[in-house]
Amino acid sequence: MSINYQDRIPNNVDLGSNRTLQRALEHWQPEFLKWWEELGPKDFQVADVYLRTATSVDAKGWATYGYVRMPDYRWGIFLNDPDPNRRIGFGDSFGQEVWQQIPGEYRATLRRLIVTQGDTEPASVEQQRMLGHTAPSIYDLRNLFQVNVEEGRHLWAMVYLLHAYFGRDGREEAEELLERHSGDADKPRILGTFNEPIRDWLSFFMFTYFTDRDGKFQLKSLAESSFDPLARTCQFMLTEEAHHMFVGDTGINRVVKRTLEVMKELNTDDPLAIRKAGAIDLPTVQRYLNFWFSSSLDLFGSETSSNAASYFANGLKGRPDESQYEDHIAIEQSYLLELPDGQGSTKSEQIPMRNAMNEVTRSSYVRDCEIGLNRWNRLIEKAGHSFRLTLPSTRFRRNIGNWAGVPTTPEGLPISAEQFGAHKNDWLPSESDRAHIMSLMQGVTEPGKMAAWIAPPDRGINNNPVEYEYVRLQ
Ligand code: BYC
């Protein structure tokens, strides 16, 4: 099968001139399309969707809008333009030239990092594949598909690196990226959160707010890498990632806004009355938030990590926005952690800074998450209610790291397993919460109309009105 790469796969890596790479991608591309057909958005493959496609990395070309059927989306390969003066920005080789090829000793580690990053992209598409049928509006349906095709593009980005720089091992890894599946009992996705089902739109908005934000921070860390093609790939991916978090941020904002309207109409904050009116009570929003935030915290790895220390020392993975730090070697600093003492209380431990890099990144992430909460809480405050959405402690419901399996309150106070069990339904989505949310999931397909549990967005996409026909259903 031969493909006109310049037409079929927009790229700025001169794909047409590299026969070996072309052959590798020619082999992989039909496998990707087969995967998209089988595990991508279910039942919407022939719909015309108003999508943004990147056709180059400059301001003009990175967001070209038009109607596309998803299987015809042009999944392009783009790296930010090289900076000939770029130097290694952290670790033991600080100040030396960045690498255009991978030093042999870091091959396996870099492959593992790229595979882990790549694995999350198709995983999220798989997680979200049923949501099309229950979209609260055509506007939201389009946003879902935009996120999905771009996650597909991000998979292409990692597969390009695997094919171009890792030879046969890379090609095998690229195949396996399509063989593991979210939630599969035998071949699950690598990281926990990407095996959690996303059956409803509240979860989707939480995922795009909290989990895509992990993506932002991990991509920022990899954008610092001494392996220049990886850094440049991630820099460009970050441009697209912003929209995914926007979908989550504005989605939750609209849910809260609608709930406040219903609370005002009914003059009550009684969750049952709000549910009866077809909206989502704020304590339920909080429980979904607790679930997805805590799951996403696990994606940063353990608080103390020798892996993270060696990624940093070797210049493979830096801190997000590394340039904001004064000391890029970080060999003499330490970091104070509060860890469980194994007896129901906590102890302080000073660890070398390099071993704490996961925690440093997680802390920046938590601060970034707070920005949305402040915005949503302002809406609640303005409506005259005392309820506030809060981020639970980073100790709460952890499955990875030092707090894994240690029961705590959402405030982070260690408690017994019995106490946790007794409060579980106050802190995390209960069966009845999930049943209520699922009962609201009815697709709305008339342009401009919204489901009753969510307010309309403030504006449409690309200066189009909210009532624009963002998806033409066949
Ligand atoms: N689930 O030393 P540790 C995105 C494993 S999201 C399961 O603490 P390390 C996106 C870990 O792999 C961003 N296993 O780990 C968002 C390690 O296993 P091995 C994705 C986990 O290496 C939405 C072991 O535990 N990108 O882009 O310091 C939609 C020891 O742990 C988990 C990346 O993740 C977990 N949650 O840090 C679409 C960047 N956490 O190696 C896309 C690449 C840890 O001993 N990955 N483990 O078998 C990394 O940088 C690192 O692998 C991690 C873990 C930060 C994930």
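The values are calculated or read from the model by the stated rules, or taken from the named source; none is laboratory data. Please read all numbers here as calculations on a predicted model, not as lab measurements. We place every Cβ from the backbone using ideal geometry, glycine too, and count neighbours over all the protein chains shown. The accessibility values were calculated without ligands, DNA or RNA, using every heavy atom of the protein model including side chains. Shrake-Rupley method; radii C 1.70, N 1.55, O 1.52, S 1.80 Å.
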Quiz prompt | Hits in the range 397-416 - residues which are of a type in the set (S, T, N, Q), assigned to a loop (DSSP other than H, G, I, E, B) and away from the ligand (no atom under 14 Å from the Cβ) | solution = Thr409, Ser416
Quiz item: When residues of the range 106-126 are filtered for being within 9 Å of the ligand (Cβ to nearest atom), of a type in the set (Gly, Ala, Ser) and open to solvent by 20 Å² or more (accessible area, probe 1.4 Å), how many remain?
Solution: 0
Quiz item: How many of the residues making up the range 183-200 are touching a residue at least 60 places away in the same chain (Cβ under 8 Å) and either within 22 Å of Trp28 (Cα to Cα) or away from the ligand (no atom under 16 Å from the Cβ) (or both)?
Solution: 4
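Here's a check for you: in the range 322-350, which residue that is among the β-branched types (Val, Ile, Thr) and either assigned to a loop (DSSP other than H, G, I, E, B) or under 13 Å from Phe312 (Cβ atoms) (or both) is least open to solvent (accessible area, probe 1.4 Å)? Give the derivation first.
Initial filter on the range 322-350 (among the β-branched types (Val, Ile, Thr)): 329, 331, 346.
Still in the list and also either assigned to a loop (DSSP other than H, G, I, E, B) or under 13 Å from Phe312 (Cβ atoms) (or both): 329, 331.
On the way: Ile329: 59, Ile331: 105 Å².
Taking the candidates together, the pick is Ile329.
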Exercise. Could you grab the pairs with beta carbons closer than 9 Å, sequence gap of 6+ or different chains, first residue in the range 46-66 and farther than 16 Å from Val147 by Cα, second one modelled with pLDDT under 95 and of a type in the set (Ser, Thr, Tyr)?
Key: Thr55/Thr64; Ser56/Thr64; Val57/Thr239; Gly61/Thr55
Self-check item: Restricting the range 299-321 to residues that are within 11 Å of the ligand (Cβ to nearest atom) and touching a Lys or Arg at 6+ places or on another chain (Cβ under 6 Å), the residue that is most open to solvent (accessible area, probe 1.4 Å)
Solution: Tyr311
Exercise. Please list, ordered by first then second residue, the pairs with beta carbon atoms under 6 Å, 6 or more apart or interchain, first in the range 417-432 and without any contact (Cβ under 8 Å) to a residue 12 or more places away in the chain, second open to solvent by less than 50 Å² (accessible area, probe 1.4 Å).
Key: Ala417/Pro407
Quiz item: Cβ-Cβ below 9 Å, separation at least six or inter-chain, first residue in the range 244-263 and under 11 Å from Trp376 (Cβ atoms) and among the acidic types (Asp, Glu), second assigned to a helix (DSSP H, G or I) and open to solvent by less than 10 Å² (accessible area, probe 1.4 Å): which pairs?
Solution: Asp249/Phe205; Asp249/Thr208; Asp249/Tyr209; Asp249/Gly372; Asp249/Trp376
Quiz item: What pairs come up if the first residue lies in the range 376-390 and is more than 17 Å from Gly251 (Cα to Cα) and open to solvent by 60 Å² or more (accessible area, probe 1.4 Å), the second is part of a helix (DSSP H, G or I) and of a type in the set (Val, Ile, Thr), and their beta carbons are under 9 Å apart, counting only those six or more places apart or on different chains?
Solution: Ser386/Ile380; Phe387/Ile380; Arg388/Ile380
Exercise. Considering (1) over 15 Å from the mean Cα position of the chain (by Cα); (2) among the charged types (D, E, K, R); (3) near the ligand (Cβ under 8 Å from one of its atoms), say which one Arg129 fails and leave the rest.
Key: (3)
Quiz item: Hey, among the residues in the range 215-233 that are more than 20 Å from His328 (Cα to Cα) and open to solvent by less than 10 Å² (accessible area, probe 1.4 Å), which one's nearest to the ligand (Cβ to nearest atom)?
Solution: Thr233
Quiz item: Going through the range 422-450 one residue at a time, which ones are open to solvent by 50 Å² or more (accessible area, probe 1.4 Å) and of a type in the set (Gly, Ala, Ser)?
Solution: Ala422, Ser432, Ala435, Ser439
